[in-house]
1. Provide the per-residue ³J(HN,Hα) series for region 92-108, in order, calculated from phi with Karplus coefficients 6.51, -1.76, 1.60 and θ = phi - 60°, each as a whole number of Hz, with x at glycine and proline positions.
2. Just want the ordering: LEU22, LEU102, from fewest to most Cβ atoms lying within 10 Å of their own Cβ.
3. Considering every pair of different Cα atoms, what Kirkwood radius, in Å, is found for the chain?
4. Separation between the ALA113 and GLU87 pseudo-spin-labels, each 7 Å from Cα along Cα→Cβ, expressed in nm?
5. For region 14-72, what is the Kirkwood hydrodynamic radius in Å, using each pair of distinct C-alpha atoms?
6. Note down the relative contact order for region 4-124 as a percent, whole number, built from C-alpha pairs under 8 angstrom at least six residues apart.
7. Note down the net charge around THR46, summing +1 for each Lys or Arg and -1 for each Asp or Glu among other residues with Cβ under 14 Å from its Cβ.
8. Show me, for region 115-121, the HN-Hα J-couplings you get by feeding each phi into the Karplus relation (A = 6.51, B = -1.76, C = 1.60, θ = phi - 60°), rounded to Hz, glycine and proline as x.
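A short reminder: the numbers here are calculations on the coordinates, not readings from a lab. Everything numeric here is computed off the predicted structure, so don't read it as measured data. With ideal geometry, Cβ positions are generated from the backbone for all residues, glycine too; neighbour counts draw on all protein chains shown.
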Amino acid sequence: MGFRILIVEDSPVMRLMLQEMLEAQGHQIVAQADSAASALKAYRETKPQLVTLDISLPDKDGFAALKELRHSDPSAAVVIITGSNQEKIEAQARSMKALGILHKPFDQNELAALMEQVSAALSKRKWKY
């Protein structure tokens, strides 16, 4: 079963790549955003089951956006996407209860493995759609 996903990524090329990869895996992209502000608006409007959230956004970093998202919906399911391999970022993602982290560049297999991890985590949470 696919998820309804909001892609938050400032790079148009990366958004398109994520969309194509996720749709090929059977997921539905319900919205895309290129900034934290547009992501929060899109989340409220579309109520996605999952958010892919880039750390580097033009108006604020992804962790600040995640904090705001958690304020409005503490149960929001989020995976972090980053071009950095810093342990600090991974630790912060875990502390903010991100369901996973994906490092750029990645391929279809890495994304599929992450989505399996997300599916397993959400089924343990007894996620309600």
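1. Values per residue, Gly and Pro as x: 5, 4, 5, 5, 8, 6, 5, 6, x, 9, 10, 9, 7, x, 9, 10, 4 Hz.
2. Numbers: LEU22 22, LEU102 19.
Fewest to most other Cβ atoms nearby, the residues stand as LEU102, LEU22.
3. Numbers: mean 1/r = 0.0695 Å⁻¹.
Computed over the chain, the radius equals 14.4 Å.
4. Roughly 2.0 nm, to one decimal.
5. Numbers: mean 1/r = 0.0839 Å⁻¹.
Taking every pair of different Cα atoms in region 14-72, averaging 1/r and inverting gives 11.9 Å.
6. Details: 182 pairs, mean separation 25.5, N = 121.
Result for region 4-124 is 21 percent.
7. Values: positive: ARG4, LYS41, ARG44, LYS47; negative: GLU45, ASP73.
Around THR46, the surrounding residues sum to +2.
8. Using θ = phi - 60°, the values come out as 5, 5, 4, 5, 4, 5, 5 Hz.
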